[in-house]
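The values are calculated or read from the model by the stated rules, or taken from the named source; none is laboratory data. Bear in mind that the values here come from a model prediction, so they are computed numbers and not experimental data. Positions of Cβ are backbone-derived with ideal geometry, glycine not excepted, and every protein chain shown enters the neighbour counts.
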């Protein structure tokens with residue numbers, strides 16, 4: 001029997017069938033999708049992962065790989081058949097190797113993102129991937145979804161931070177691509193197949209990652225804006241002055257911060273007056289604090305910034321960034337939220353913001369826009385809140401209409417309806433709607449070639 005075989009493979013500490021223990025792994029972060037499974041197995045090594053994959057393949061049973069389960073699109077949730085097996089990576093959490101001189105680190109896929117950051121700090125290095133869930137998300141999941149976060153403007157997405165991977169393929173073979181080379185043109189760059197594939201092409205079990213010099217002293221600033229569109233010329237002005245020293249540049253609407261103040265304890269905005277939009281930035285300013293201050297003075301003179309708070313300590317900076325990172329949690333308490341993780345080119349962001357607000361207000365005057373995100377790289381979480389008390393039937397209809405309106409606009413601007421959260425289950429139909437048929441055929445060809453029996457994460461992405 002397959003279940004007994006799986007138990008033998010992972011040992012007594014590597015499985016659970018307990019309903020209470022399984023429950024947190026059966027629904028995604030917003031409780032929008034709920035699945036079922038007979039067992040969750042948690043292998044302790046790559047070899048055990050491979051054995052589990054081979055056993056499930058022989059039995060014709062599908063596997064759903066799961067990391068920290070912090071995703072927004074239900075990409076790590078089993079379906080409701082009760083037949084799919086969850087394969088958790090949490091027991092595989094070892095830092096295998098760190099080389100300060102090589103600026104590289106090799107970690108198991110189950111390592112918590114914050115632990116990878118801390119390991120880099122211990123050798124005076126910096127791992128820049130940073131997002132709100134970094135205290136619980138796992139690096140394997142970050143790579144499987146090509147996570148973005150707040151530092152993309154300087155360091156790129158998760159894809160840009162990967163030097164090599166170790167992957168268990170759908171037939172149980174182990175592909176060892178854990179190189180730390182910066183240059184290697186010996187054939188196809190196979191690791192790129194698995195980054196962003198959401199566990200549909202292989203299970204990432206370890207990663208070799210880039211490290212960077214410690215950015216040194218950084219300063220954060222919260223800037224008040226009169227219009228969302230002012231963030232775009234403001235960013236251009238600051239980048240001219242600060243070059244690549246801008247670590248993060250986040251646009252946040254007033255409503256998002258208002259939700260945080262209302263629902264997150266010990267949260268308070270530092271301004272006495274109210275403003276409609278804000279930019280929260282972080283810059284590496286060691287030896288150049290005056291450059292930042294001069295740049296902010298110019299932005300105020302040119303009318304892009306109405307007011308500004310510049311932090312004087314790391315404690316002050318942490319307080320500001322806590323406001324930003326708490327937005328998703330605050331939204332959960334604020335009512336029905338329709339999530340839209342979109343991106344458009346930075347040069348067209350100002351026009352998109354203006355047109356989007358106008359279209360939404362005209363078509364759905366009862367809805368409230370809650371926009372925030374990494375506008376420094378063109379990525380915005382363009383969320384829409386509907387009034388409490390909206391019936392389930394009305395909600396489903398309005399969700400479809402609002403999402404179509406927003407995604408159609410994004411498509412008109414040549415943007416993407418999925419910037420950093422992936423496709424999973426919740427956006428699968430939109431992939432078919434907005435992706436070119438050649439794109440879709442290539443994706444299907446890859447899936448059929450690597451996973452002909454559809455063993456890994458079926459029903460996700462395509």
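Quick one: residue 362 ticks every box in (1) touching a strand residue (DSSP E or B) at 6+ places or on another chain (Cβ under 7 Å); (2) modelled with pLDDT of 90 or more; (3) surrounded by fewer than 22 Cβ atoms within 10 Å (Cβ to Cβ) except a single one, so which number is it?
The one condition residue 362 does not meet is (1).
So which residues in segment 18-30 are farther than 20 Å from residue 92 by Cα and either surrounded by fewer than 13 Cβ atoms within 10 Å (Cβ to Cβ) or more than 31 Å from the chain's Cα centre (by Cα) (or both)? Write out each step before concluding.
Filtering segment 18-30 down to residues farther than 20 Å from residue 92 by Cα leaves 18-20, 23, 26-30.
Of everything in segment 18-30, those that are farther than 20 Å from residue 92 by Cα and either surrounded by fewer than 13 Cβ atoms within 10 Å (Cβ to Cβ) or more than 31 Å from the chain's Cα centre (by Cα) (or both) turn out to be 18, 19, 20, 23.
Which residue is farthest from residue 141 (Cα to Cα), if the candidates are limited to segment 178-200 and must be touching a strand residue (DSSP E or B) at 6+ places or on another chain (Cβ under 6 Å) and either touching a residue at least 60 places away in the same chain (Cβ under 8 Å) or exposed (fewer than 11 other Cβ atoms within 10 Å of the Cβ) (or both)?
Applying the filter and picking the extreme gives 180.
Show the residue pairs that are 6+ apart or on different chains and have beta-carbon atoms under 8 Å apart, the first residue being within segment 143-156 and on the phi > 0 side of the Ramachandran plot, the second being in a helix (DSSP H, G or I) and surrounded by fewer than 24 Cβ atoms within 10 Å (Cβ to Cβ).
Qualifying pairs under 8 Å: 146/159.
State yes or no: is residue 216 modelled with pLDDT under 95, in contact with a strand residue (DSSP E or B) (Cβ under 8 Å, 6 or more places away or on another chain) and surrounded by fewer than 20 Cβ atoms within 10 Å (Cβ to Cβ)? So that I can check it myself, show each step before the final result.
Details: modelled with pLDDT under 95: yes; in contact with a strand residue (DSSP E or B) (Cβ under 8 Å, 6 or more places away or on another chain): yes; surrounded by fewer than 20 Cβ atoms within 10 Å (Cβ to Cβ): yes.
The answer is yes for residue 216.
Which is at negative phi, surrounded by fewer than 17 Cβ atoms within 10 Å (Cβ to Cβ), in contact with a strand residue (DSSP E or B) (Cβ under 8 Å, 6 or more places away or on another chain) and modelled with pLDDT of 90 or more, of 300, 327?
Working: 327 fails: surrounded by fewer than 17 Cβ atoms within 10 Å (Cβ to Cβ).
Every option except 300 fails the conditions.
Can you name the residue in segment 299-310 that is farther than 22 Å from residue 217 by Cβ and in a helix (DSSP H, G or I) and, of all such residues, is nearest to the chain's Cα centre (by Cα)?
So, considering only residues that are farther than 22 Å from residue 217 by Cβ and in a helix (DSSP H, G or I), the one nearest to the chain's Cα centre (by Cα) is 300.
Go through segment 428-451 and report how many residues are more than 18 Å from residue 66 (Cβ to Cβ), out of contact with any helix residue (DSSP H, G or I) (no Cβ under 9 Å at 6 or more places or on another chain) and touching a residue at least 40 places away in the same chain (Cβ under 8 Å).
1
Scan 168, 123 and give me the residue that is surrounded by 23 or more Cβ atoms within 10 Å (Cβ to Cβ) and either in contact (Cβ under 8 Å) with a residue 24 or more places away in the chain or out of contact with any helix residue (DSSP H, G or I) (no Cβ under 9 Å at 6 or more places or on another chain) (or both).
On the way: 123 fails: surrounded by 23 or more Cβ atoms within 10 Å (Cβ to Cβ).
168 is the lone residue from the list that is surrounded by 23 or more Cβ atoms within 10 Å (Cβ to Cβ) and either in contact (Cβ under 8 Å) with a residue 24 or more places away in the chain or out of contact with any helix residue (DSSP H, G or I) (no Cβ under 9 Å at 6 or more places or on another chain) (or both).
What are the pairs with Cβ atoms under 8 angstrom where one residue, in segment 380-400, is at pLDDT below 85 and the other, located anywhere, is assigned to a helix (DSSP H, G or I)? Sequence gap at least six, or different chains.
386/395; 386/398; 390/398
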